[in-house]
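Before any comments, here is the structure.
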Amino acid sequence: MTLSGTEAQARTLGGYDDASRLRQVHDRDWVLDRVTGEPEVLVDLGSGIGQLLQAALERHPSLRLAVGLERSEHRIAEAGERLRPYASRVALHQADLTAPAPLPHRADVVTMTSVLHWLFPVEQRVLAWVRDHLAPGGSFLLTTYHPARDEHGLGGEDDIVREALTGLGIAPEAVPGLLADRGVLPIATRTRPEDELASLLGEFFTVDTWWEREATVTVGEAAQYEHFHAATFGDYYASVLEPGLRAEFFRAVGRAGWRRQQERGRVSAMPVRLWRLVPRGQDSAQPRQRTDTT
Ligand SMILES: C[S@@+](CC[C@H](N)C(=O)[O-])C[C@H]1O[C@@H](n2cnc3c(N)ncnc32)[C@H](O)[C@@H]1O
């Protein structure tokens, strides 16, 4: 069967450089602005196409090693191209962060942006890994998204998907059951509420400071949201449908996003939190909260 352009894109999570400008890339400078001093080793978890690693290398000539761990072979390949000019200052490893293998490095900074929800419900494994791989005095900079959720645990992108599936003739009340039958956990369940996440993080780290901002996605046309969804979520949701319906599903997601854009002036908005964490026992200060308006 011939795949549509969007289906092919979803399969490789392609087009992320462009799509991530709508949301994820804003985490990059937000996080890197919190890196202080002259770090020598930085590890980025779920490093995608290497955007954060590249920016870190440019900002910090002190970095002798920037390490990326990422599951997608397509993304590793794209990151490899992007980071080729930095030669031996970069190491990229294909890795599954739900079962992370030890590395022979201790990092001054570990970053993880827009990734933790994909590791639900075994986030403890990566959190323990980070604790064990931080150099003394090092810190972990983590961003987490927190869409509101309904009684079925759906919210954020799940709502847009529900609207798209409804457009394909599936009753809205049947959507939670359809996702569950196909083993697709709602993203708003994966993301966990802030207080639950704070307890989980507290098993391994002291929260030094956290900041919060609103992540708003806006688009200029339906096709732009279709593209964003395919680059960000790939086949995750589309896999609940027969292959013959998937091209239409992606178009319906684009239409649902565009309808919201026209009705509300944005497709979505949700709080994003940036946590600066240090291994437990290294800092006993009370956590400080800041609210960012940018
Ligand atoms: C939304 S993207 C974020 C990419 C990048 N950190 C950013 O902020 O733009 C999520 C990334 O996590 C990766 N990922 C998801 N599950 C993973 C896993 N179990 N192990 C390693 N990487 C994973 C995906 O392949 C994807 O590149």
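The values are calculated or read from the model by the stated rules, or taken from the named source; none is laboratory data. All values derive from a computational prediction rather than experimental measurement. All Cβ positions, glycine included, derive from the backbone under ideal geometry; neighbour counts span all protein chains shown. When the accessible area is computed, the model is the full protein with side chains, heavy atoms only, and any ligands, DNA or RNA have been set aside. Shrake-Rupley method; radii C 1.70, N 1.55, O 1.52, S 1.80 Å.
Observations on the structure shown:
- Identity of the residue in segment 109-129, surrounded by fewer than 23 Cβ atoms within 10 Å (Cβ to Cβ) and more than 13 Å from the ligand (Cβ to nearest atom), that ends up farthest from Phe204 (Cα to Cα): Gln124
- Reported count of residues in segment 7-28, each being over 18 Å from Phe140 (Cβ atoms) and modelled with pLDDT of 90 or more, is 0.
- Residue among Asp108, Asp181, Asp195, Asp159 that alone is within 18 Å of Leu274 (Cα to Cα) and out of contact with any Gly (no Cβ under 8 Å at 6 or more places or on another chain): Asp195
- Residue within segment 227-246 that is open to solvent by 50 Å² or more (accessible area, probe 1.4 Å), more than 20 Å from Gly153 (Cα to Cα), of a type in the set (Gly, Ala, Ser) and free of Cβ contacts under 8 Å to residues at least 60 places away in the same chain present: no
- Subset of segment 21-55 (residues that are of a type in the set (Gly, Ala, Ser) and in a loop (DSSP other than H, G, I, E, B)): Gly37, Gly46, Ser47, Gly48, Gly50
- Considering segment 8-59, the residues that are in contact with a strand residue (DSSP E or B) (Cβ under 7 Å, 6 or more places away or on another chain) and more than 14 Å from the ligand (Cβ to nearest atom) include one that is most open to solvent (accessible area, probe 1.4 Å), namely Glu40.
- Failed criterion for Trp129 (all others in (1) closer than 28 Å to Ala238 by Cα; (2) outside any strand (DSSP E or B) hold): (1)
- Evaluation of Glu214 against the conditions (1) more than 19 Å from the chain's Cα centre (by Cα); (2) surrounded by fewer than 19 Cβ atoms within 10 Å (Cβ to Cβ); (3) not aromatic (Phe, Trp, Tyr) shows that the sole unmet condition is (1).
- Screening segment 81-99 for residues that are within 14 Å of the ligand (Cβ to nearest atom) and without any contact (Cβ under 8 Å) to a residue 40 or more places away in the chain and picking the one that is most open to solvent (accessible area, probe 1.4 Å) gives Gln94.
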